[in-house]
Amino acid sequence: MNPRESVSRRSFLAASAAVPLGLAAATGKTIPVGLELYSVRGELARDLTGTVRAVAQMGYQVVEFYAPYFEWTPGRAKEVRVLLDDLGVRCHSTHNNTPSFTAAGIVKAIELNQILGAKYLVMASAGNVNGIEGWKEVADLLTVTAEKLRPLRMATGFHNHQTEWARVEGQRPMDVLAANTPKDVVLQFDVGTCLEAGADPIAWIRANPGRIQSVHCKDWAPGDGKGYRVLFGEGVSPWAEIFAAAEAAGGVEYYLIEQEGSRFPELETAQRCLATWKKLKG
């Protein structure tokens, strides 16, 4: 597609009211909790089968694979899907870097995600982006990807980090992405990075109703070198208010705990976070 054609259609597509894909987040139903497997990346690289099995035995209902999955063959993806099915664990989304969004890469990404049963191909990094026009180009890429995925009952999305909250030419890139993509482009919400950047998580969720299908429950604590290494539930995130907003307005379908590291080994960290989750969610 000619980039100019994509830009010329931006306003129309941003206003598009495509119905978001639904998983099972009906009112009154328990929303499943999963683990972003980057949290156990060392263990995963060493023993994928054993790590996913351990995570399932802890009680996690969902897993999200991240960028290295893109190197799998379809045969390997089928093996992983058998493992997930045997454990009763779902993979609703994957994290993808820019290679997944090239003309050739999207074909492979679709195949692997369909095998895994994942509906959402989430862009976890846009790479080096220059200025607001650069962010509008990212929005165009997400829009074009959404068009390819929609007939397959799949969708794309974007996962925020700190960068997207810092103003560029007077605008926040997250606002630019939200305003210039169709409504079925998921705004996967990373809480910790939003807080570190000084943005308001509740206001963001309420400003984008129905687009926060998944939330990365990553905590953050200022000072003392804690940062993202603080355990989920031990930082400054107002989790009760975030959960309430995500479920009342955001359209959340599943939660994903994420840890960039902690004072404990990876699997123990995941287990401790899940225990805290159960206390917070009652």
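The values are calculated or read from the model by the stated rules, or taken from the named source; none is laboratory data. In this text the structure is predicted, and so the values were computed from the model without any measurement. A quick note on method: Cβ atoms are made from the backbone with ideal geometry, for glycine too, and the neighbour counts reach across all protein chains shown.
Within region 129-138, not a single residue is closer than 16 Å to Asn208 by Cβ and either small (Gly, Ala, Ser) or not in a helix (DSSP H, G or I) (or both). Taking residues in region 190-212 that are more than 16 Å from Tyr228 (Cα to Cα), and partners anywhere that are modelled with pLDDT under 95 and not hydroxyl-bearing (Ser, Thr, Tyr), the pairs with Cβ atoms closer than 6 Å and at least 6 places apart or on different chains are Gly210/Pro20.
Pairing residues of region 230-256 that are surrounded by fewer than 17 Cβ atoms within 10 Å (Cβ to Cβ) with residues that are assigned to a helix (DSSP H, G or I) and of a type outside the set (Ser, Thr, Tyr), at Cβ distances under 7 Å and at least 6 apart in sequence or on separate chains, gives Val236/Leu195; Glu241/Ile202.
Taken over region 257-268, the criterion of being among the polar types (S, T, N, Q) and either at positive phi or in contact (Cβ under 8 Å) with a residue 60 or more places away in the chain (or both) is satisfied by Gln259 alone. Taking region 29-60 as the range and being free of Cβ contacts under 8 Å to residues at least 40 places away in the same chain, part of a loop (DSSP other than H, G, I, E, B) and not β-branched (Val, Ile, Thr) as the test, the residues that pass are Lys29, Asp47.
Leu267 passes every criterion in (1) touching a strand residue (DSSP E or B) at 6+ places or on another chain (Cβ under 9 Å); (2) surrounded by 17 or more Cβ atoms within 10 Å (Cβ to Cβ) apart from (1). For region 66-91, which positions are surrounded by 12 or more Cβ atoms within 10 Å (Cβ to Cβ), without any contact (Cβ under 8 Å) to a residue 12 or more places away in the chain and not in a helix (DSSP H, G or I)? Within region 66-91, none qualify.
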